[in-house]
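Structure first, commentary second.
Read the figures in this text as sums done on the coordinates, not as results from a lab. All figures in this text were calculated on a predicted structure; none of them were measured in a lab. Counting neighbours? That spans all protein chains shown, and the Cβs are built from the backbone with ideal geometry, glycine included.
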Amino acid sequence: MTATETKLKGCFIIEPSVFKDSRGYFFESFNQNTFNELIGKTVDFVQDNESFSSKGVLRGLHFQTGEYAQAKLVRVVKGTVLDVVVDMRKNSPTFSKHFSIELSEDNKRQFFVPRGFAHGFIVLSETAIFSYKCDNFYNNASEQGLRYDDPSLGIDWMLPASEFIISEKDLVLPTLSNITL
């Protein structure tokens with residue numbers, strides 16, 4: 001297993017060692033000791049979530065604040081998504097910058113998103129099963145979000161906007177210039 005830090009400090013692309021033979025494949029999707037060693041700090045995950053979505057479903061950009069902030073380790077079990085994060089750490093040199101990565105059942109990549117980042121994804125395949133670990137429990141009162149099409153971010157979601165399927169909740173999220181952190 002390897003980890004590569006992205007241009008956004010603290011965000012890592014995790015690539016497992018996949019062992020294939022005539023029967024199929026095997027890989028270790030998570031090992032607490034290896035993971036902590038690779039990213040250089042201890043992260044204790046307490047909750048696993050999974051979603052099933054159709055092509056064009058765009059979920060995000062979401063984050064939790066204060067004592068309920070969450071780090072996430074995300075991966076795709078089935079299908080392909082474009083995973084996107086935005087640095088929401090006010091004192092970070094990369095504040096308001098984003099990073100995107102394609103995660104799929106084929107590449108088996110995982111993406112570690114530390115606390116302080118807005119996170120979202122769009123499904124590029126016909127369907128996708130998206131799985132993620134969180135290091136803190138969900139708390140509705142601390143949830144915030146950022147508008148997916150904020151022009152100041154310039155995120156390329158890789159599909160035409162006419163194909164997006166977005167929840168009512170996500171359609172009314174604020175832009176970065178209108179958010180209170």
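The set of residues in region 115-144 being surrounded by fewer than 20 Cβ atoms within 10 Å (Cβ to Cβ), under 14 Å from the mean Cα position of the chain (by Cα) and more than 21 Å from Ser54 (Cα to Cα) consists of Arg115, Cys134, Asp135.
Checking each residue in region 19-54 for being of a type outside the set (Phe, Trp, Tyr) and surrounded by 13 or more Cβ atoms within 10 Å (Cβ to Cβ) picks out Ser29, Thr34, Asn36, Glu37, Leu38, Ile39, Val43, Gln47, Ser51, Ser53. Across region 55-67, the number of residues qualifying as closer than 26 Å to Thr180 by Cβ and buried (at least 16 other Cβ atoms within 10 Å of the Cβ) comes to 8. In region 70-81, is there at least one residue being loosely packed, with under 12 Cβ neighbours inside 10 Å and either more than 22 Å from Asp149 (Cα to Cα) or in contact (Cβ under 8 Å) with a residue 12 or more places away in the chain (or both)? No - not one qualifying residue is present in region 70-81.
From the list Val76, Val43, the lone residue that is assigned to a strand (DSSP E or B), within 18 Å of Thr6 (Cβ to Cβ), of a type in the set (A, V, I, L, M) and touching a strand residue (DSSP E or B) at 6+ places or on another chain (Cβ under 9 Å) is Val76.
Just so you know, in region 97-114 the residues that are among the polar types (S, T, N, Q) and under 28 Å from Gly66 (Cβ atoms) include one that is surrounded by the fewest Cβ atoms within 10 Å (Cβ to Cβ), and it is Ser100. Among the residues making up region 1-35, those that are under 19 Å from Val113 (Cβ atoms), part of a loop (DSSP other than H, G, I, E, B), touching a residue at least 60 places away in the same chain (Cβ under 8 Å) and not small (Gly, Ala, Ser) are Thr6, Lys7, Leu8, Lys9, Cys11, Pro16, Phe30.
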